[in-house]
1. Could you please report the charge total around ILE42, scoring K, R as +1 and D, E as -1 over all other residues with beta-carbon less than 15 angstrom from its beta-carbon?
2. Test of understanding: in a Gaussian network model of the chain with alpha carbons linked when under 10 Å, which of GLY282, GLY273, GLY54 would top the mean-square fluctuation ranking?
3. Going by how many other beta carbons lie within 10 Å of each one, how would you line up LYS143, LYS171, fewest first?
4. Considering only Cα-Cα distances, which of the following residue pairs are longer than 30 Å: LYS129/LYS167; LYS171/LYS210; LYS143/LYS167; LYS58/LYS167; LYS58/LYS171; LYS171/LYS209?
5. Is it possible to state the helix-based mean residue ellipticity at 222 nm for the chain, with each DSSP H run of 4+ residues giving -39500 (n - 2.57), the sum divided by total residues, to the nearest 500 deg cm²/dmol? What is it?
6. Send over the semi-axes of the stretch 156-287's equivalent ellipsoid, whole angstrom and largest first, taken as the square roots of 5 times the C-alpha gyration tensor eigenvalues.
7. Would you tally the net charge around MET206, using a Cβ to Cβ cut-off of less than 11 Å, leaving MET206 out, and scoring K and R as +1, D and E as -1?
Amino acid sequence: MPELPEVETVRRGLQPAMEGSKIVRAEARRKDLRFPFQKDFIPRLQGQTVTGLGRRAKYLLADLGSGDVLLMHLGMSGSFRVVQDEETKAPGQFHYPRSENRAHDHVVFHMSSGSTVIFNDPRRFGYMKIIARTALEDEPLLKGLGPEPLGNEFDAAMLARSCAGRKTSLKAALLDQRVVAGLGNIYVCEALFRSHLSPKRLASTMADKKKEPTDHARRLVTSIHAVLNQAIKAGGSSLRDHRQTTGELGYFQHSFQVYDREGEQCQSGGCSGIVKRFTQNGRSTFWCPHCQK
């Protein structure tokens, strides 16, 4: 499933085509994705100007001139492409030729910018929902989410407060969307490796007895920022389904230092360890037992 860098990459790709542009016509080519579309889904979209395109955790949020917000989630296999004059814009070095079979093009936005924005989702785990802006804080899908890891609110002090007294593993805490929003398995593994912290370490060690941040917490927050920024710059990670809106692959997977490198030499300078994999909370965890403590 796409994590924060992939969703942010998609947001930036959609922004020029959608932000400030009117949805001249919208199409829902089936009755549902993961969930059924609202009965008034199309009428509430058509004729509306997208006044802003944001992201919250792994959700895309399109503010509409009506005061509604279109919430969009990519699910497991969802992707957007931006088309103008029947050609995907700006194919690049990592361009991936998409299938000519458009059977999975489920939602289409015809924009006044001249662009057509198409949502394709073979497995239909994605979803879209229109929510009144005034009701957004009470939306079950968003309520309870923790701070954005790249926002000003997320720092070592906040991480320490969230982890203080927790008996769960550090990795499990970071994957808890109530602690920090948008992180997933790949980037948690990478951030823990870069901060030399074991995924098995107790989350409570991020705080001292006064619930102040330890050096571990400061190192980890720095690593989270660095990994996410690097991944966004690289267009995210394309392991199976992720594509940018141009059809390009993300290429952060070529910069993985620990994820999916089981049996390889540790890339930490001077470390003689070998990357191991184990199952943790139902997910594969990659780490170096030699330098991650």
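Here, each number is a calculation from the coordinates, and none is a lab measurement. Note that the structure is a prediction, hence the values are computed from the model and not measured. Cβ sites come from the backbone with ideal geometry, for glycine too, and all protein chains shown count toward neighbours.
1. Net charge around ILE42: +4.
2. So, out of GLY282, GLY273, GLY54, the one fluctuating most is GLY282.
3. LYS143, LYS171
4. LYS129/LYS167
5. Value at 222 nm, helices only, nearest 500: -6500 deg cm²/dmol.
6. They are 25, 18, 14 Å, listed from largest to smallest.
7. Value of the local net charge: +3.
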